[in-house]
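**Student:** Before I ask anything, here is the structure I am working with.
No value in this document is a laboratory result; all are computed from the given coordinates. Computed from a predicted model, the values in this text were never measured in an experiment. Ideal geometry is used to build each Cβ from the backbone, glycine not excepted, and the neighbour counts take in all protein chains shown.
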Amino acid sequence: MDSQQLMELSKKHMWLPFTQMTDYERDPLIIESADGVILKDIDGKEYLDGYSSLWLNVHGHSKKELNDAIKEQLDKIAHSTLLGAANVPSILLAKKLVDIAPSDLTRVFYSDSGATAVEIAVKMAYQYWENKGIKGKTKFVTLSNGYHGDTVGTMSVGSIELYHKVYTSLLFDALVIPYPVIYRHSSQDEEVVKEESIQKLRKLFEERHEEIAGMTVEPIMQGAGGMNVMPKGYLKEVEQLCREFNILLIADEVATGFGRTGKMFSVEHEDVKPDLMTVAKGLTGGYLPVAATLATEEIYNAFYGEYSEMKTFFHGHSYTGNQLGCAVALANLEIFEKENLVEKTNEKAKYITELLEEVSELENVGDVRQHGLMCGIELVEDKKTKQSFPSEQRIGYHATLKMRELSMLTRPVGRDTIVFMPPLTTTKEQLKEMVDILKQGIILVTESLDDALIK
Ligand code: PMP
């Protein structure tokens, strides 16, 4: 089938996720193959993968070791259920995850997307208190602009107005604490920004801790809500407050896990030990949909013991613990060790910081936020007043279209914040090339602001 026919079929039958309906008027980007950090479309045009194919690719595409791990597993079995019967790669992967995770996490519950991993954590936290016989702890606390997935449960603990407002009456109420956004605060003193949010959290816990089951956080860096970095020490204080008030801490490492922010898991930056931790995206190197919710022995024990109906965790998907996915995840984690990848990521992060300096000087770049290889570039109409562009101009989106023309793929989040999250193995030369495109794309879109095309 030629590319024109594929495009027509795509326009006729595909319903794409998180895609503004007016975007369908453009010819769709249809990817056909990839090698390393280069993706190729059906017309043979090449693109640098500036967003790790939605923040999950780790070693580049078509990595031999990962391809081989899947082929080897495929000759044994592709899938069998985990409901009441384990399988070999899922056991080995559980052991590996427990070895590399913060020390108190000893149990691994599989699922198949970041959203389901968080949904599971929320259900576990809820049922934990029920099973312990402690009544009334049913509410969840979350941070403003938090993103934990698109299922009804995870939208409930999320708080991105644009994504969630239409579903409001379908969702359960969460208690929302303002995220300590340094860039948007009247004080630029991290300590002041941190304390303001922490005091609000303390007050909420003091008043309502008997109702609160758990708190969800995206540790160190918030993703879809705008690529915001927490002030230093914030996460540690959240952990301490959760301990003090007997509230379970759920660390959502779906975006930040597997080296992305410069540690294997982002909680390690502040030596935080969550009660529940969710992982997905980078777990399989970006190859297959495997996710996991890690829990402490304390939580696990509240579900097991002498027979009673409630001593079951009522959850499980058909593809939970898929063998192909677990096999490739194991191979992925082996490469991390063999190639000392987290350490190398930190060297690359320093180089990116240098490269992004020039980007931050551009007239319409308000803020550049980075932790490891997770970066966000916020575009503003007025650098001095930090005034955003009118949302209907969709400047962030148009900037990424320019970048696509210049051969790099990425997407915006929040208010015109361009995501820059290349695969961890991107070479310095490729990083330079990507940041040059980033810069050019921003210049081109802001130069053409009066252009009727920008709407
Ligand atoms: N949690 C966080 C922090 C995320 O960034 C995402 C996805 N961007 C999710 C959960 C949901 O993951 P998935 O898209 O795999 O369902």
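**Student:** Using +1 on the beta carbon of Lys and Arg, -1 on that of Asp and Glu, and nothing else charged, what's the dipole of the range 245-316 about the Cα centre, debye to 20? Spell out each step's value before the answer.
**Tutor:** Values: 5 positive and 10 negative charges, 71 e Å.
About 340 debye.
**Student:** Magnitude of the Cβ-charge dipole of the range 67-338, K/R +1 and D/E -1, about the Cα centre, nearest 20 debye? Please report the intermediate quantities before stating the final value.
**Tutor:** On the way: 26 positive and 36 negative charges, 65 e Å.
So the dipole magnitude of the range 67-338 works out to roughly 320 debye.
**Student:** Here is a follow-up. In whole Hz, what ³J(HN,Hα) sequence does the range 36-52 give by Karplus (6.51, -1.76, 1.60; θ = phi - 60°), x for Gly and Pro?
**Tutor:** So the J values, rounded to whole Hz, are x, 9, 10, 9, 10, 8, 5, 9, x, 6, 9, 9, 6, 8, x, 10, 6.
**Student:** Here is the link list: Lys194/Lys402; Lys76/Lys281; Lys95/Lys194; Lys123/Lys348; Lys236/Lys439; Lys45/Lys263. Which ones come out longer than 29 Å on Cα distance? Could the numbers behind the result be given before it?
**Tutor:** On the way: Lys194/Lys402 36 Å; Lys76/Lys281 25 Å; Lys95/Lys194 36 Å; Lys123/Lys348 38 Å; Lys236/Lys439 35 Å; Lys45/Lys263 34 Å.
Beyond 29 Å between Cα atoms: Lys194/Lys402; Lys95/Lys194; Lys123/Lys348; Lys236/Lys439; Lys45/Lys263.
**Student:** A further question follows. In whole angstrom, note down how far apart the Cα centers of the range 384-455 and the range 266-286 are.
**Tutor:** 28
**Student:** What are the residues whose amide H is under 5 Å from the amide H of Thr106, where those residues sit 5 or more places off or on another chain and H is modelled from the backbone?
**Tutor:** Here Ala295, Thr296, Glu297 satisfy the definition.
**Student:** Now a separate question. By the scheme Lys and Arg +1, Asp and Glu -1, what is the net charge of all other residues having a beta-carbon under 12 Å from that of Thr410? Could the numbers behind the result be given before it?
**Tutor:** Values: positive: Lys402, Arg404, Arg411; negative: Asp49.
With Lys, Arg at +1 and Asp, Glu at -1, the net is +2.
**Student:** Based on C-alpha coordinates, I'd like the Rg and Dmax of the chain, in Å.
**Tutor:** Calculated on Cα positions, Rg and Dmax stand at 22.0, 70 Å.
**Student:** Name the chymotrypsin sites (Phe, Trp or Tyr not before Pro) in the range 1-67 that are in a loop by DSSP and that have at most 16 other C-beta atoms within 10 Å, would you? Spell out each step's value before the answer.
**Tutor:** Working: sites: Trp15, Phe18, Tyr24, Tyr47, Tyr51, Trp55; in loops: Trp15, Phe18, Tyr51.
When the chymotrypsin sites (Phe, Trp or Tyr not before Pro) of the range 1-67 are filtered for loop state and at most 16 Cβ neighbours within 10 Å, Trp15, Phe18 remain.
**Student:** I'd like the Karplus ³J(HN,Hα) series for the range 393-399: coefficients 6.51, -1.76, 1.60, θ = phi - 60°, whole numbers in Hz, and an x wherever there's a Gly or Pro.
**Tutor:** Karplus-based 3J(HN,Hα) across the range 393-399 equals 6, 6, 4, x, 4, 5, 4 Hz.
**Student:** If you don't mind, there's one more thing I want to ask. Please name which of Gly259, Phe303, Asn67 has its Cα lying farthest along the dipole of the range 67-338 towards the positive end, using unit charges on Cβ (Lys, Arg +1; Asp, Glu -1) and the Cα centre as origin.
**Tutor:** Comparing the listed Cα positions along the dipole, Asn67 ranks first.
**Student:** Ok, one more. Let's see if you can work this out: charge +1 on each Lys and Arg Cβ, -1 on each Asp and Glu Cβ, no other charges. What is the dipole magnitude of the chain about its Cα centre, in debye to the nearest 20?
**Tutor:** Details: 49 positive and 69 negative charges, 148 e Å.
Magnitude of the dipole: close to 720 debye.
**Student:** Antiparallel versus total DSSP beta bridges in the chain: what percent is that, nearest 5? Spell out each step's value before the answer.
**Tutor:** Details: 33 of 48 bridges.
Among the beta bridges of the chain, antiparallel pairing accounts for roughly 70 percent.
**Student:** For the range 188-202, take each phi angle, set θ = phi - 60°, evaluate the Karplus expression 6.51 cos²θ - 1.76 cosθ + 1.60, and give the result in whole Hz per residue in order, putting x for glycine and proline.
**Tutor:** 9, 7, 3, 4, 5, 4, 4, 4, 4, 6, 5, 5, 5, 5, 4
**Student:** Quote the relative contact order of the chain in percent (integer), defining contacts as alpha-carbon pairs under 8 Å separated by 6+ residues. Display every interim value, and only then the final one.
**Tutor:** Working: 855 pairs, mean separation 91.8, N = 455.
Averaging sequence separation for qualifying contacts and normalising by length gives 20 percent for the chain.
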